[in-house]
Structure formats: C-alpha cells, structure tokens
1. If you scale each eigenvalue of the Cα gyration tensor by 5 and take the root, what three semi-axes come out for the stretch A:145-217, rounded to whole angstrom and sorted largest first?
2. Bin width 5 Å, alpha-carbon pairs only: give the P(r) of chain B as whole percents, running from 0 to the bin holding the largest distance.
3. Show the residues, 5+ positions off or on another chain, whose built amide H is closer than 5 Å to the amide H of A:Arg182.
4. Can you tell me the alpha carbon radius of gyration of chain A divided by the globular rule-of-thumb value 2.2 N^0.38 Å?
5. Hey, if you put +1 on the Cβ of every Lys and Arg and -1 on every Asp and Glu Cβ in chain B, which of B:Val41, B:Leu179, B:Gly154 ends up farthest toward the positive end of that dipole?
6. Please sort through the DSSP H helices of chain B and keep those with an alpha-carbon extent of at least 27 Å along the long axis and a Kyte-Doolittle average not below -0.5.
7. Taking H placed 1.01 Å from N in the peptide plane, check which residues at least 5 places from A:Trp266 or on another chain put their amide H under 5 Å from its amide H.
8. Using each residue's phi in the stretch B:37-47, evaluate 6.51 cos²θ - 1.76 cosθ + 1.60 at θ = phi - 60° and report the 3J(HN,Hα) Karplus result to the nearest Hz, with x for Gly and Pro.
Amino acid sequence: MSAIVTSFTGGVFGPGFFSSPPVHVALVVGGVVAVVSGVVGTFTVMRGQSFAGHALSDIGTAGGAAAFLLGISPLFGFTAMNVAAAGVMETIGIRRPRGRDLATGIVLGAGLGLAAAFLFLGTTETSTTGAAVNVLFGSVFTLPTSIVPVIGIFGAVALALIAVLYRPLVLSSLSSDLASARGVPVRLVGLGHLLALALAVSLSAVTIGAILSTALLIGPPAAALRLTKRTGWAIVVSCAIGLVATWGGVLASYDSYYWPPTHHGWPVSFFVVTLVLAFYVLAGAITKARA
Amino acid sequence: MAVPRAGSTLSQAGTDAGRAEVLTVRGLSVSLGGREVLHQVSFSMAPGEVTGLIGSNGAGKTTLLRAILGLVTPTSGEVLIAGRPRSRRNPLVGYVPQRLTLDPDIPLRARDLVGLGLDGHRFGAPWPSAARRASIDQALAGVDATHLAGARVGKLSGGEQQRIMIAQALISRPRLLLLDEPLANLDIRNEGEVVALLARIAATEHVAVLISAHDMNPLLGFMDRVVYIAAGRATSGTAEEVVQTETLSALYGHRVDVVHVNGRVLVVAGREDSHAHCDGGP
C-alpha cells in the first residue's frame, strides 16, 4: 500500500522530499514566514506603505551582508539593520505621505550604499561568492536547525504587535486626524507597524532573499484585498496564498534537482515569486469575472 | 492693521444667558510655523443647532476644527466642550475628516467602518457581539444607509461614503459633530441630501452640528448660525446678521459686496477694491 502511495506521490514530490532534514527546516521556516508576511503585509498594503516594505528589504541587505562577513546568521544582520532603518524612517518624518516617501528613499539610498560595500567585501575578502547569492536570493535549504526557534520568536513578536495594534492601525490608515481625535497615539502605532514590518521583511529575506522578500510581503495581501472585502478574511486569504506559494516553491525547487537537462536545481525564490504573481493575476481575473 | 472686529460683538450677542452651550470657543488664536492662522476667534454652539463654518480655502477652517478636536495647541484662548476644557478622545465630539480617500481595494465593509467609530481606538481585533451589531445597524439606519451595510466602502459613491462616515461619527453618541468640507466633491443632489440629513440629525438627536464649507449656498436655509472666517478672523451670528455687506466688509478689512442672485448668495470684492475676490460663489 505504502509503495503505491510512494509511487503515486513520487510524481509530484521528488525522492526523499519528506525525509530530508533541510526540507523539514525549509517547510517550517517557509510556513512561519508566509503567515507573518501575510498578516503584517495586509496592514502594510492597507496603509499604503509598500514602498517602505520594499526599502526595508533592500536596506536589510547591508545587515545580511555584514552578518555574513562577521560569520553570524544573516537573520540577525537583516533584523538589526531593518529595525534600525524603521526607527530612522519614523524619526525623519514618515507621517505625511510625501515626507514618508522621501524619508524612505533617503534611508534606502544610504542602506544600499552600505550593502554594496559589505557585499563587495564579502565576495572579495572571504574568497567565496556565497555571500551575495545567500543574502540576495535566500538560503532556505541551508538554514541550520538552530535558527528555527529564533525565527519562531521573531515571527511571534511581529504577530503580537499586529494583534495588539489591529484596530488603531486600521483607523489610522483611514485618517490619522480621525485616529488622533479618538486618542490613538498615531506615531507610536505607526512605529509598531514599522517594527513588525522590519521583522517580517527580515524573516522573508532569509527565506527567499533580500531582493525578493517584498514579493511575499506585498503580493499575497494585494491579491487577497482584491478577493475579499473584510479585513479579517483578507488576512486569512493572504496567509493561505503565502503558504501555498512558499511550500509550492520549496517543493518545486527540491524537485528541480531532478529536472533535465542540467539537474542543477532552481532557486526557491524564483518559484515563490512566480506563484505569488500567478495568484495576483488570478485574483485580478476573478475580480473582473465577478464585476 | 486696524481691522474692526465685528465678530466679538456679534458672538457675544449670541451667547445668551442660560443658553446651554455644547461648544464654547473663546478668544482662540493659533499659530502654525510662526504664522498666526487664527486670531481671537469666538463663537458658541447649542444642542440641535446647525452651524456653517464658512470661508475660502486657506481661511483657517480646518485649523479651527483641529483646534476644537485638540489636534493643535492654541497660543491663546480656550475651547470648552459642554462647559469643560476639552481633552483628547472626548467621546462628546464626533468628527468627519476632510476628503477621505478610501481606496477601492481597502478590505472594509460599510458596517466595519461604522464599527471603527465605536471601538476603533481600542487595542486588539474587533470581536463580534449582538450589542455591537445592533448599534452599528442603528447608526446605519440613522443615515438611511442600511442597504449599504455589506458593501465595500471603497466602491461606494462620494455621497454614500459621506453618509457612512457620518454614521461612524454618530455611533458613539456625541453631543457635537464636526464635519470638514463634507460637501466637497459631491454633486448637487448629494449635497442637498447630505445637508438635509445633517439638519435632521441635529433636530432629532439634539446634536450640535458644525459644517465647514467654502460655499455657503447648499447650507442656506439649514443653518441656524454662521461662523464666517476670513484670513484667520471670524465673525458669527445668524445668517442674516453675518452675510451682509457691512459685517463681511469689516471682517475682510476691505469692501466686499453681498449679492443675492436667484436665491443664492455671492460674496464679491467691492467696487473700490481692484483685485478680484470671490467667496461663496457657485
């Protein structure tokens, strides 16, 4: 019986998929990242701060590359850099939409400069090209098991921030004056969202890479917002799309080692981003069909 | 610059002894970035009254509303809500902000937006309850928007969104309702419907309603009082008292003419003043 199941599933799941420890880590980490990105990203898209999310993921590259140079996990580099950048962005005026874009752009420029320097040092000093590839495109199959609890904790902090700030975040995304008049500490709430965003981006960066982490953060919520008119459902749909895309990406990447002609293996991030895009296009088609 | 302050006498005439005041603004001055935006503004509002806050763009209407809400700190003067100094998150004050841009994709139904008026400032996610649902339904019925309850707010028309925002502001049962340019971007039919709705709410709920507008015409016939604001100075009284050549000329500090055309009011620069100035025009 089990032989039949194996031969049947073998067509979809490459040999050894379910028994490979790196795959287990990848599935767990991917799952956490998809849920955190789905929840945080829904508020990021509602607040119109996608650009801040994208900037954080680029800025985080500097931290990831620095961590690589220091020989510690890029996750810590991404997180430290992103949290710091979020703080700076808030301080130099992220409240007004225009000031927000300027502040984001200025911090982004500085971060990319650092990233270029660290990546350069990482690829020349340590005589390996691993730094650039790992930092920019993710390393979900090479994550050590020891990092999983850290990822869990960072994810839990991000989710807790959003859970606490849920209603004030929605209210202040409609009108900061209205929220202020109701006694909401708008700046503090905005900072809380940015911190959650910094954590989500960092988690996403270790999974599918700094360059593409925004795709997982913005894509699923953007698709979900087209499909549902309730905030709660948007979060659920966005997490579901993120999970399917991430796990699907891990599976496809694993299977791709068996694909002809090269048997070389394709990067996880490529599949994740492609699936996210497919969902976004599908959501658009469904919206059109409904109208 | 010697500008006669017609407002001070008129507004004092308005504050009759024994008139229960929901809002008292006394000698309010506000400076923003070193520039005085409001100068010695005084007026008051009683329950059930509709007051038009009239003035051209940049005259200081939004700043006055923000001062009443406690969002800007006055340099002098005071704002009393029901006789007490105002505090942040005053449940007695409902607010509909200016030009809300609701993205079509925003995942909120009309009833969710109204619910935010009830508990949007609280931490955590909203939990459904029969009581919450009932008060949302009641608030929606109060603005004739029961049929819109399940619709996505971003897909509603400007007039419909304005109704939902009014329900959002009224659900906490305020005594004072502030609306910043609620008629901007509405067509004539919707203008009339929203104004009639606000007048009805003022009468039936005994709420004092303050409506800011750059054009007073849609409000004519509905306003119990007018606060006319120009270059940071204000004068108040009934529409007949305020909207006349002498009062407004004194407020502007130069000659303006109040012209009645087909039941509409135009405020135009006077003959002796060469530069064109027009307020409240169609």
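1. Ellipsoid semi-axes (Å, largest first): 28, 13, 7.
2. Answer for chain B: a P(r) of 1, 6, 12, 16, 18, 16, 13, 9, 5, 3, 1, 0, 0 percent.
3. Hits under the 5 Å cutoff: none.
4. The reported ratio for this selection is 1.02.
5. The one lying farthest along the dipole's positive direction is B:Gly154.
6. Helix filter hits for chain B: none.
7. A:Ser256, A:Tyr257
8. 8, 10, 10, 6, 8, 9, 6, 9, 9, 10, x
Each value in this text was obtained by applying a stated rule to the coordinates, not by laboratory testing. A quick note: this is a predicted structure, and the numbers were derived from the prediction, not measured. Note that we place each Cβ from the backbone using ideal geometry, even for glycine, and neighbour counts take in every protein chain shown.
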